[in-house]
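Here the structure is laid out as structure tokens; the discussion comes afterwards.
Coordinate-derived values only; no laboratory data. Treat the numbers as computed from the prediction; the structure is a model and nothing was measured. Ideal geometry is used to build each Cβ from the backbone, glycine not excepted, and the neighbour counts take in all protein chains shown.
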Amino acid sequence: MLEAIDLSKKYGSQIALERLNLTIAPGEVFCLLGANGAGKTTTINLFLNFIDPSGGTARINGLDVTKKPLETKRFVAYIPEQVMLYRNLTGLENLEYFTALAGHEYSRAAFIDLFRQVGLPEGAEDRRVSTYSKGMRQKVGIAIAIAKKAEALLLDEPTSGLDPKASNEFSALLKQMSDRGVAVLMATHDLFRAKESGSRVGIMQHGRLVATMSTADIGHADLERLYLEHMHD
Amino acid sequence: MVKRIARKELVEMLRDGRFRVLSAAVLAVSLLSLAVGWKHYADVSRQHAAAQAATRDQWLHQTKKNPHSAAHYGVYAFKPKSPLAIVDTGVDPYVGVAVWLEAHKQNEFKYRPAQDRTAVGRFGDMTAAETLQVLVPLFIVLMTFSAFAGEREQGTLRQLLSLGVEPRDLAVGKAAGIGAALGLVLLPSAVLGVTALTLTSDGGFLSGKPTRAALLVAFYLIYFAVITAVSLGVSARARSSRLALVVLLSFWFANSLVASRVVADVASWLHPTPSAVEFQKAMDAELNKPEEMERRLDRRKAELMRQYKVETVDALPVAFSGVSLQEGENHGDEVFDAHYGRLFDTFDRQNTVYQLAGLVAPMLAIRSVSMGLASTDFQQHRHFITAAEGYRRLIQRTMNDDIMAHPTRTAYLAGRELWEKVPEFEYEAPAASWVLGNTRWSIGVLFAWLVVAAFWMSRPLATAML
């Protein structure tokens, strides 16, 4: 479970995030929409404890991320806009390395099985990732999250720059993760993907969460209209 | 976790083309410098042994002559080469390798290889020590400047830190990986060096100097650890890998190339030494004081006449010419001890400045320790000078005692029986503990660097690193 309680971040007099209150239950996919600088990435960085909050609390599975930074990171997986891997290592070596640093060990067969689960083609595991496409690298990111047995997933525009097919595949993987009970927080500009993949959608503006709604209660057109209203403000 | 990080760093490095090119260059230079050092050591040791045997043979086979003539005939004392001089030639090329031991004079050392070099010759020399002190740190800098900064630029650092990896573990793992890579590069040279030393040494493995060799290896490892920790610390804090490279290359340049020359000048300025001409002139002025010699001889005459209860010098049962010669030697010894003592004490003070300057540039610290353990620093040169001078004084006393024991109005001639009374010159180098005492400042400075650099490198920096 991911919780933000009055979570705030200021840089001098500039407000990056203002009193965010949000709870994302296990199995829920919450999509954060908003213009650049609205506070989406700041929220993710606060959950990862990459930056210190100016006020409030970010909790993962009930633990305060600033008080238990290492413990909370055990429950969470992070997939940025571009999953960056070590170019001189193979896909399998990368997966083994990141998984081992997260405290998990698997057999080679189990890792290859993970590669297949996330839809990476046969033989990809032994190729250096310098030959991987962006979509393939994002899938390795998901494989790391699965291998890590993450209970929460933080995604920062993960489908940006992916072709529609790769985006669809990625969304399907996200669905699998939420079906396993993973709480997902995804920052995105992609309204269509947010509506399709999310359980709830939130719109951020100038560091504030100005609207939240269930994706079941809103159509594509209404979501787009609402989003644009806040974008033009 | 640290082991895992280290293994990944090593694998990545081995697959990196830059590493392969740089390590090949470092390996080639270190092997070449060792080979050249070993050849030089083997040649010089053989020549010294032959020359020492020849000078002894000449001494024993000289014709019958007055002992004072034999004292002027003199002998050479050759400074033995330490097997570890293969690694570090230290000050040897500049201070000379042999000294002519004769009556009345404490001569300067002769045969300085540096004198025979052309102006550009010095740039062609690359000893194993210089490779270790200058080239290997450059190699470390080039392999580590992007360790953190590069990962930050690529985005992998965020991935790693999002997993809950402790920055300290990351730093230690990276340091271990770089250490392992460095070990792979230097191991062939180390094996070759030890093999060469074992095969070359007459007295068994390293001529009974395994302690010094082990200490030398240990201190170089500490030095490399310092450079690695400094590099990783800079890489973790620099905004970009380019900035990290600029900062680290500046540090390398100042540490390896500039500090030594600047500190040598500062030490000379703080503790100036006279020029060779001034020094000799001052010493000659003290030596050539007839009134001092007359006073000493009058006192000695009075003592002897009182001792033997005689009224005139001619009535003494000993040859006063021998007494007079020995008094001349005693006077000279006092002057030599005072002047050379002051000069060498000034060198020691300069050396202390040099050692303490290691606080600014760690290369100065490892250089002092390296020369010390290789028996090629000035302290050990002074130790040899003292031993050779002691031997010279033994020869003079033996010759003068013999003259005293043969009061005769005709010319007295001695032969092989007297020459054999002078034992062959044997020099025993000081123990490793003596060297450690002399280089205590440098050792302390190296350990201080290690502690501070390791602390700096491993400080948790999670937020600052992103």
**Request:** Relative to the compact-globule scaling 2.2 N^0.38 Å, provide the ratio for the alpha-carbon radius of gyration of the protein assembly as shown.
**Result:** 1.46
**Within-13-Å neighbourhood charge of A:Ala221 [Cβ basis; K, R +1; D, E -1]** = -1
**Prompt:** In peptide A:77-84, how many Cβ atoms from other protein chains are near each Cβ within 10 Å, on average?
**Reply:** 4
**Message:** What whole-number distance in Å separates the alpha-carbon centres of the range B:369-439 and the range B:1-31?
**Reply:** 51 Å
**Asked** What ranking do B:Trp59, B:Trp449 get, fewest neighbouring Cβ atoms within 10 angstrom at the top?
**Response** B:Trp59, B:Trp449
**Message:** Rounded to the nearest 5, what % of DSSP beta bridges with both residues in the range A:2-232 are antiparallel?
**Reply:** 55 percent
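Per-residue Cβ counts within 10 Å, from other chains only, averaged over A:97-108: what number is that?
4
Report the local net charge at A:Glu125: Lys and Arg +1, Asp and Glu -1, summed over other residues whose C-beta lies under 15 Å from its C-beta.
Here the count lands on +1.
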**Request:** Would you mind telling me the antiparallel percentage of the DSSP bridges in the protein assembly as shown, rounded to 5?
**Result:** 60 percent
**Request:** State the Cα centre-to-centre distance between the range A:74-104 and the range A:170-208 in whole Å.
**Result:** 22 Å
**Request:** Please sort through the DSSP H helices of chain B and keep those with an alpha-carbon extent of at least 15 Å along the long axis and a Kyte-Doolittle average not below 1.6.
**Result:** B:241-253
**Item:** Estimated inter-spin distance, A:Glu229 and A:Ser133, nm [label 7 Å along Cα→Cβ]
**Value:** 3.8 nm
**Item:** Positive-pole candidate from A:Gly135, A:Leu191, A:Ala216, dipole of the range A:2-232, charges at beta carbon
**Value:** A:Gly135
**Request:** Would you work out the charge dipole size for chain B about its Cα centre, treating the Cβ of every Lys and Arg as +1 and the Cβ of every Asp and Glu as -1, and quote it to the nearest 20 debye?
**Result:** 1740 debye
**Item:** Sequence of A:Leu95, B:Leu248, B:Leu184 once ranked by neighbouring C-beta atoms within 10 Å, starting from the fewest
**Value:** B:Leu184, B:Leu248, A:Leu95
**Request:** Identify, among A:Thr41, B:Val172, B:Ala431, the residue whose Cα sits farthest towards the positive end of the charge dipole of the protein assembly as shown, taking +1 on the Cβ of Lys and Arg and -1 on the Cβ of Asp and Glu, with the dipole about the Cα centre.
**Result:** A:Thr41
**Prompt:** Taking the Cα centre of the protein assembly as shown as origin and charging only Cβ (+1 Lys, Arg; -1 Asp, Glu), how large is the dipole, in debye to the nearest 20?
**Reply:** 640 debye
**Request:** Among B:Trp59, B:Ser162, B:Ala285, flag the residue with its Cα farthest along the positive direction of the charge dipole of chain B, charges on Cβ as +1 for Lys/Arg and -1 for Asp/Glu.
**Result:** B:Ser162
**Message:** Set the bar at 22 Å for Cα to Cα. Now go through A:Lys149/B:Lys174; A:Lys9/A:Lys139; A:Lys139/A:Lys175; B:Lys289/B:Lys309; A:Lys148/A:Lys175; B:Lys79/B:Lys105 and name every pair that lies beyond it.
**Reply:** A:Lys149/B:Lys174; A:Lys9/A:Lys139; B:Lys289/B:Lys309
**Asked** Once phi is turned into θ = phi - 60°, what whole-Hz ³J(HN,Hα) does the Karplus curve with 6.51, -1.76 and 1.60 give for every residue of the range B:149-159, x standing for Gly and Pro?
**Response** 4, x, 5, 5, 5, 6, x, 6, 5, 4, 4
**Asked** By how many nm would the segment from B:Met126 to B:Arg20 lengthen if fully extended, with 0.36 nm per residue of separation less the alpha-carbon distance?
**Response** 36.0 nm
**Prompt:** Counting Lys and Arg as +1 and Asp and Glu as -1, each charge on the Cβ, what is the dipole of chain A about the Cα centre in debye, to the nearest 20?
**Reply:** 400 debye
**Prompt:** Which whole-Hz ³J(HN,Hα) couplings does the range A:57-62 yield from phi under the Karplus relation 6.51 cos²θ - 1.76 cosθ + 1.60, θ = phi - 60°, glycine and proline marked x?
**Reply:** 9, 10, 10, 10, 6, x
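If Lys and Arg each add +1 and Asp and Glu each add -1, what is the summed charge of the other residues whose beta carbon sits under 10 Å from the beta carbon of A:Asn168? All intermediate terms of the calculation are to be shown ahead of the outcome.
On the way: positive: A:Lys165, A:Arg193; negative: A:Asp163, A:Glu169, A:Glu196.
It works out to a net charge of -1.
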**Prompt:** Got a sec? How would B:Val11, B:Val136, B:Val230 order by Cβ neighbour count within 10 Å, fewest to most?
**Reply:** B:Val11, B:Val136, B:Val230
**Asked** What angle, in degrees between 0 and 90 and rounded to the nearest 10, separates the Cα long axis of helix A:91-101 from the longest principal axis of the Cα atoms of chain A?
**Response** 60 degrees
**Complete:** For peptide B:167-175, the mean count of other chain Cβ atoms within 10 Å per residue Cβ is 0
**Request:** In nm, give the distance between the simple-model label positions of B:Ala264 and A:Ala221, each being 7 Å from the Cα along the Cα-to-Cβ direction.
**Result:** 8.6 nm
**Request:** Show the residues, 5+ positions off or on another chain, whose built amide H is closer than 5 Å to the amide H of B:Val75.
**Result:** B:Leu101
